Amino acid sequence: MIHINIPGAGEKQIHHLVFDYNGTIAIDGVLIPGVREALQSLAGRVACHVITADTFGFVTQQVSDIDCDVVIISPGDQARQKQQFIAALGADQTLCAGNGVNDVLMLKQAAIGIAVLQEEGLAAGALAAADLVVKDILDVFALLDTRERIMATLRN
């Protein structure tokens, strides 16, 4: 579990990290350099989940050696499927990262939603739904390592 005490918003106890795959932790279906190691470093502290429509068909191969749960969603109402997934985990105990329109509902519902801007771009709806925006996925992992950054940005 990761504890994040946000002045004015209270303590967040994060049990689950949920990452969109394409555009967030992978570009064109291939993991971004540094993501594998960052995810592995979180093993044992928090449960990591990768949720994707697997557009390029590489997700299982790319994350096979990482201690994380892979959820492949079906075509049609992907945003709702992602939202239902984090609701089942406990949205109030979940930090999500994503970049697309189909990430909007989970970013909005999560205890902390982080929008990630990388080569694929960032949907305006995801930007509006997020609590925090970062320039790349490695910044998310840096925030988790130095939680005072999250506290400083989100304090009221």
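Couple of notes before you dig in:
- Unique match (being within 17 Å of L132 (Cα to Cα) and among the small types (G, A, S)) among G90, G23, G34: G23
- Checking G76 against (1) farther than 22 Å from I32 by Cα; (2) modelled with pLDDT under 95; (3) under 12 Å from the mean Cα position of the chain (by Cα); (4) not charged (D, E, K, R), the condition it does not meet: (3)
- In this structure, R45 does not satisfy being over 20 Å from Q84 (Cα atoms), assigned to a helix (DSSP H, G or I) and not aliphatic (A, V, I, L, M).
- Test for T60: is it in a helix (DSSP H, G or I) and hydroxyl-bearing (S, T, Y): yes
- The listed residue being hydrophobic (A, V, I, L, M, F, W, C), over 11 Å from the mean Cα position of the chain (by Cα) and in a loop (DSSP other than H, G, I, E, B), out of L105, L122: L122
- Restricting attention to region 19-38, the residues that are assigned to a strand (DSSP E or B) and in contact with a helix residue (DSSP H, G or I) (Cβ under 6 Å, 6 or more places away or on another chain) add up to 2.
- Any hit, region 126-140, residues being of a type in the set (K, R), closer than 20 Å to Q40 by Cβ and surrounded by fewer than 24 Cβ atoms within 10 Å (Cβ to Cβ): no
- Condition broken by R80, with the remaining ones in (1) crowded, with 19+ Cβ neighbours inside 10 Å; (2) assigned to a helix (DSSP H, G or I); (3) not aliphatic (A, V, I, L, M) satisfied: (1)
- Screening T153 on (1) closer than 14 Å to I14 by Cα; (2) free of Cβ contacts under 8 Å to residues at least 24 places away in the same chain; (3) touching a strand residue (DSSP E or B) at 6+ places or on another chain (Cβ under 8 Å); (4) in a helix (DSSP H, G or I) shows it passes everything except condition (1).
- Here region 28-67 is the region considered, the condition is being among the charged types (D, E, K, R) and within 28 Å of Q13 (Cβ to Cβ), and the residue that is surrounded by the most Cβ atoms within 10 Å (Cβ to Cβ) is R36.
The values are calculated or read from the model by the stated rules, or taken from the named source; none is laboratory data. Keep in mind that what you see is a predicted model, and the values were worked out from it rather than measured. Cβ: placed from backbone, ideal geometry, glycine included. Neighbour counts: every protein chain shown.
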